[in-house]
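The values are calculated or read from the model by the stated rules, or taken from the named source; none is laboratory data. This structure is a prediction, so every number in the text was calculated from the model and none was measured. Quick reminder, even Gly has a Cβ in these numbers, built from the backbone with ideal geometry, and neighbours come from all protein chains shown. The protein model used for the area step is the full one, side chains on, heavy atoms only, and it has no ligands, DNA or RNA in it. Shrake-Rupley method; radii C 1.70, N 1.55, O 1.52, S 1.80 Å.
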Amino acid sequence: AGSQGASGGSKAGGAGGVPYGVGAAGRLRLGGGGGGGANWNNGPSGAGGPGGGAVLIQAQQLEIEDGGLIAANGRSGDNGANTAGGGGAGAGGSVWLKARVLRLGALGVTAVGGVGGLQLTKASSYTTGPRSGGDGGVGDVALERELEVSGTSTPPARVATFSSVIGQRVSTRFSPPLDLSGVKKLVFHLKVDQPGLPARLELGEQDAGELGLDVTLSSAGTWADVEWDLSGVPSAALDAVSVLSVAARSASTPWTLKVDAVSAVR
């Protein structure tokens with residue numbers, strides 16, 4: 001979590017929250033909450049605003065339609081009554097989006113801090129300055145795309161590129177496990193850059209190697225559907241699948257295997 005802003009001193013507004021953003025290894029962090037304003041002259045003082053949350057979305061394609069919004073914004077601080085200090089605003093949180101295609105639209109993603117609360121008093125000169133709460137810090141937006149990214153965010157996003165190329169093995173773990181006991185077959189949409197080289201599909205309730213299927217794609221550079229017949233597999237082996245893997249098996253020359261989608265047929 002982010003760190004909360006300090007509470008205000010005598011008559012003072014609370015400090016704005018501190019942002020932390022997306023840390024090392026893609027770790028998401030919450031925005032810090034704002035500090036409360038100081039009470040004075042029967043107040044009450046303004047409460048600090050909470051920090052923004054953390055958003056993680058992974059998809060094949062993510063498109064935000066007009067009017068849509070993904071937000072991890074900090075909330076504004078409350079105003080202080082009489083001569084009590086306003087509350088500090090919460091900092092923006094963090095947003096991490098990963099997809100082969102990302103289309104954000106115009107400002108479809110935000111992770112901004114709120115506005116500090118004011119000190120409400122009849123003296124207009126008290127509505128600004130140290131008696132007002134601090135604004136929350138700006139959060140973080142991180143994007144990972146393979147093919148395409150468009151649109152804008154506030155703050156401007158950090159953009160990285162990933163590849164769906166398989167080195168040795170890529171695994172997806174499911175929590176809670178998937179019940180595939182009624183599935184007749186799985187269909188893998190695959191592509192290789194060299195024909196005739198072996199790959200392996202694996203799944204299991206504890207380990208990916210419990211069930212496996214060896215496949216070889218005869219054509220390179222084109223997407224192909226590979227079907228895995230599960231109709232003869234006992235239901236007890238499929239009712240709590242926790243891991244699914246696709247592996248490019250050892251070869252004397254480097255090659256790549258791409259996975260576009262996996263679908264289940266009941």
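Note on LYS184: aspartates and glutamates with a C-alpha under 19 Å away, same-chain residues under 8 apart excluded, are GLU202, GLU205, GLU210, ASP214, ASP225, GLU227, ASP229, ASP239. With protein chains left intact and a 1.4 Å probe, residues in the range 56-117 average 39 Å² of accessible area per residue.
Quickly rank 87-95, 238-246, 45-53 as a protection proxy: mean count of other C-beta atoms within 10 Å, highest first. Walk me through the intermediate numbers first.
Values: 87-95: 34.0, 238-246: 18.9, 45-53: 29.8.
Descending packing order for the listed peptides: 87-95, 45-53, 238-246.
With a 1.4 Å probe and all protein chains kept in place, how much accessible area does SER153 have, in Å² rounded to the nearest 10? Number for this one is 10 Å². Express the carbon and sulfur contribution to the solvent-accessible surface of the range 69-122 as a percent, rounded to the nearest whole number, probe 1.4 angstrom. For the range 69-122, the apolar C and S fraction of the accessible surface comes to 57 percent.
Using packing as a proxy for protection, rank 33-40, 182-189, 97-104, 61-68 so that the peptide with the highest average count of other Cβ atoms within 10 Å comes first. Write out the running numbers ahead of the final one.
Details: 33-40: 29.1, 182-189: 15.5, 97-104: 19.6, 61-68: 12.2.
Final packing ranking: 33-40, 97-104, 182-189, 61-68.
Rolling a 1.4 Å probe across the protein heavy atoms gives the range 170-244 an accessible surface of 52 Å² per residue. The range 39-76 and the range 201-247 have Cα centres lying 41 Å from one another.
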